[in-house]
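Structure first, then comments.
The values are calculated or read from the model by the stated rules, or taken from the named source; none is laboratory data. Everything numeric here is computed off the predicted structure, so don't read it as measured data. FYI the Cβ positions are ideal-geometry reconstructions off the backbone, even for glycines, and counts take in every protein chain you see. For the accessible areas, the whole protein counts, side chains as well, though only heavy atoms, and no ligand, DNA or RNA atoms are used. Shrake-Rupley method; radii C 1.70, N 1.55, O 1.52, S 1.80 Å.
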Amino acid sequence: MGLPTLEFSDSFLDSPEFRERLQCHEIELERTNSFIKDLIKDGNMLISALRSLSLAVQRFSQSLQEFQFECIGDAETDDEVNIAQSLKEFSQLLSTMEEERKRLIQNADDVLISPLERFRKEQIGAVKEGKKQFDKETERYYSVLEKHLSLSSKKKESQLNEADSQMSKDRQIFYDASLQYVFKIQEVQERKKFEFVEPLLAFLQGLFTFYHEGYELASEFEPYKQQLQFNLQNARNNFESTRAEVEKLMKRIRSAEEDFKAPSCFTMEGYLYIQEKRPLGSVWTRYYCTYEKSSKMFAMSNTDARPASRQNGLVNGTPEVFRLRSCVRRKTDSIDKRFCFDIEVVERHGVITLQALSEANRRLWMEAMDGKEPIYTLPSLLSKKEETFLNEAGFNFVKKCIELVETRGLTTLGLYRTGGVNSKVQRLMTSVFAATAPSNMQLDADAWDNKTITSGLKNYFRCLAEPLLTYRLHKEFIRAAKYDDQKYRVRAIHALVHKLPEKNRAMLDLLTNHLLKVSSHSDQNLMTVSNLGMIFGPTLMRSQEETVAAMMNIKFQNIVVEIIIENHDKIFGEAPDLSVPLPQAPSSRSTPRRTKAICLSSGKRKARLYSPALCLADNDSDTFSSSPSTTPMGSQESLSSHSSEKNGLSQTSPPSSPAAEPSSSSTLAPSPPAASSSSLSHNSSNGKDQKHLIDSVTSPNSTPSLSSNTSSQLPPAQQPSSVSSSTSSLLSAESCHGSVQSLMSLESQDAIHTRKTSHVRCDSDLTVKHSAASASNVSTRTLLSAEAKALYSCEAEHSHELSFPKGALFSNVYPSVEPGWLQATYKGKTGLIPENYITYI
């Protein structure tokens, strides 16, 4: 039951029932007052806890921001760069959330605590004051009433009239206090419905705003997360393949450690004990020695100078350097030490007696110093395989294998990844390369299954006496793969392929043409260019020196093979352009790590942008899925930019479209878009794929539309430039939604440029359609030396950029090397302009 109603007329009667009803109201108000007190206490505790949580998250975010990944090797793949950058992305994401949480905390006192405290003190407090006044007047009134009623009727009439008049005044004062109290207590009971609940609603609204901010960030972060998962999976795949090779190397070195000489810049190096004569006899001191055969320079550094360094082998002081004159093996019976030999040097008289660590070690030193035997290197330790050669039989075998695979097995799941039975493979190799086998031997399609054929083909290249890409050009290929700019990678590798011997180049042409066909069926066989590069990289390339450092370059070997496969038609169909010199290839990490990453965050929340949904790979495959919830486990084509950014779709939010409908595209004035946005980085290496891509984009069946919630402004985000070489399958599956402008700027963009901060935020489910008319307009972006008009004004931030007002006319507009920017001339000055700030005339 609710509270009883208090009638003003009951104040005059002041009946027991009235007093009971009044007491019900008083009890309810006291209960409300106690509840508000507890609520304020709990609210303060909540705010304090939120403040502590915010500080903890900020400290965690700062730790992520300060940590810096360091990878093995002197260069990094785009996967490694993106993974290293991810911690800063996580930090930026957490910081953005904490900014909203801080606003929630700062507003909580004004929104929740103060209004509740004010209602309790001002309203409920006023009722309490009214009750005190009412009780006081009640007591006085009834006291006066008793005295008045006790007056004797025998008193004078004037006295009785005066007493009656005073009693009326006192009664009126009592009635006024009672009426005022009844009015106030009912007023507060009604007022609490909104003045008590409104602060709670406002606080919850702030809390929901914070949660919604998290939801929006999570939606924007989803494409980045999916892209990063692909990078992580590629890194994991590289790790597994590299780890297997390094482990094999470790085992081989372990089995050959007695007579193994590690590759180095010296002919021989290692620890030797040298006999030094002292007044009380001779002592043997450990030195780290190096010998260079060509100059005959022998150097030794004392490692026993300080006792503290004896255990860790620290080299102290400047090494002593001598020119070797002769080296003689010390006879066992001439000294009581084993493994000794004597050397004579130009700078000293007499002989220097040295003790090697073992007989095998002494033999290596002797061979190096007298030059009677060649350098002992690791390849001779490897298990001897039957070598194959680039001869007529080899070419015939490769052609027959390719013919069988292309005839019956291009769509086989896991082609080249799944190995055949070893005994069958060995039988195949023996039958083809036996001394009695004819060079043009035919392969029986019924006798050999696809797995045996593909394993035999890989085995053939693996067993070549020299890898197909040769030892001589190995380091140059690795350096080419380390270029940051994709176009330099392709140009350098193109030139190097044409330096290969004629037979090697012909065989490479034959093989990579076949692998390109295999990758074109990746939607069925799951063998993307990235996967094929990972399989054939170590097979077609290997270092002559097997070291851990060389194993760390396997990832770059994979990049080389990917680029050759993707750009097969250009590399083998055109002569390399040697007129434009390549920049110096990165030889070591002397400068800070590149900051290019999937998404480069900068600025505050209002200036943040993540791209719309990217194409995903199915959990157990390399094909694409449009499901945003799919956890990518497979390797997406060229996703790590191992091979080429040329193949990829970089998904980004398109700039604010000037049109909501095709018919009004030229009449609406849009907000300025991002100064640069990610796009399709390059053309597909396959002409058909490129045509299919552009046809898909410019299809007249689609019309332009943008999501209605694209008005918030967010900052530039740098996306990885490559997602997939199979662009046609991506578009036909409609698994990626990207900017029309991004799709059309195939030849001019590699990644999002991060200089401008006025970007337009798009939902991850933003759909981009457009008509044939707008497509025709956009497709002219790839033309050279065009004319254009500025849609928005722009202020240059660097000397090589142009400042211009809205409506400015540009001439000689053509794609720039800078991703997302165009080269143009305005008022006689040539410089860079943001691509999506202009429209072509």
* To do: Only residues that are modelled with pLDDT of 50 or more, open to solvent by 80 Å² or more (accessible area, probe 1.4 Å) and within 31 Å of the chain's Cα centre (by Cα): list them for the range 767-807, please.
  => Glu795, Glu797, Ser799
* Tell me which residues, restricted to the range 429-445, are assigned to a helix (DSSP H, G or I) and of a type in the set (Gly, Ala, Ser). => Ser431
* Structure fact -> Note on the range 144-157: residues of a type outside the set (D, E, K, R), open to solvent by 80 Å² or more (accessible area, probe 1.4 Å) and over 23 Å from Ile173 (Cα atoms) are Ser153
* Structure fact -> Checked Thr77, Thr138 against criteria (under 60 Å from the mean Cα position of the chain (by Cα) and open to solvent by less than 50 Å² (accessible area, probe 1.4 Å)); the one match is Thr77
* Asked: among the hydrophobic types (A, V, I, L, M, F, W, C) and closer than 30 Å to Ser86 by Cβ, is that true of Leu204?
  -> no
* Run down Lys248, Lys193 and say which single residue is closer than 30 Å to Asn553 by Cα and either open to solvent by 50 Å² or more (accessible area, probe 1.4 Å) or touching a Cys at 6+ places or on another chain (Cβ under 8 Å) (or both). => Lys248
* Within the range 109-214, helices (runs of 4 or more DSSP H) holding 3 or more residues that are farther than 21 Å from Glu30 by Cα -> 125-149, 157-195
* Can Thr418 be described as in a loop (DSSP other than H, G, I, E, B) and either touching a strand residue (DSSP E or B) at 6+ places or on another chain (Cβ under 7 Å) or among the polar types (S, T, N, Q) (or both)? -> yes
* To do: Output the number of residues of the range 99-131 satisfying the condition of being in contact with a Gly (Cβ under 8 Å, 6 or more places away or on another chain) and among the β-branched types (Val, Ile, Thr).
  => 2
* Can we say Asn361 is under 20 Å from Gly270 (Cα atoms), at pLDDT below 85 and open to solvent by less than 40 Å² (accessible area, probe 1.4 Å)? -> no
* Structure fact -> Of the listed residues (Lys277, Lys261), the one being surrounded by fewer than 18 Cβ atoms within 10 Å (Cβ to Cβ) and either at pLDDT 75 or above or not in a helix (DSSP H, G or I) (or both) is Lys277
* Asked: Looking only at residues in the range 808-841 that are of a type in the set (A, V, I, L, M, F, W, C), under 17 Å from Leu791 (Cα atoms) and surrounded by fewer than 19 Cβ atoms within 10 Å (Cβ to Cβ), which one is modelled with the lowest pLDDT?
  -> Ile841
* To do: Please enumerate the residues belonging to the range 108-130 that are under 47 Å from the mean Cα position of the chain (by Cα) and open to solvent by 50 Å² or more (accessible area, probe 1.4 Å).
  => Asp109, Asp110
* Taking the range 788-841 only, how many residues are among the polar types (S, T, N, Q) and part of a strand (DSSP E or B)? -> 6
* Can you tell me which of Leu404, Leu415, Leu443 is in the same structural domain as Leu540 (by the TED database) and touching a Ser or Thr at 6+ places or on another chain (Cβ under 7 Å)? -> Leu415
* Quick check, is Glu98 over 30 Å from Arg243 (Cα atoms), among the acidic types (Asp, Glu) and crowded, with 17+ Cβ neighbours inside 10 Å? -> yes
* Filtered residues of the range 446-474 (kept if part of a helix (DSSP H, G or I), free of Cβ contacts under 8 Å to residues at least 40 places away in the same chain and open to solvent by 40 Å² or more (accessible area, probe 1.4 Å)) -> Lys451
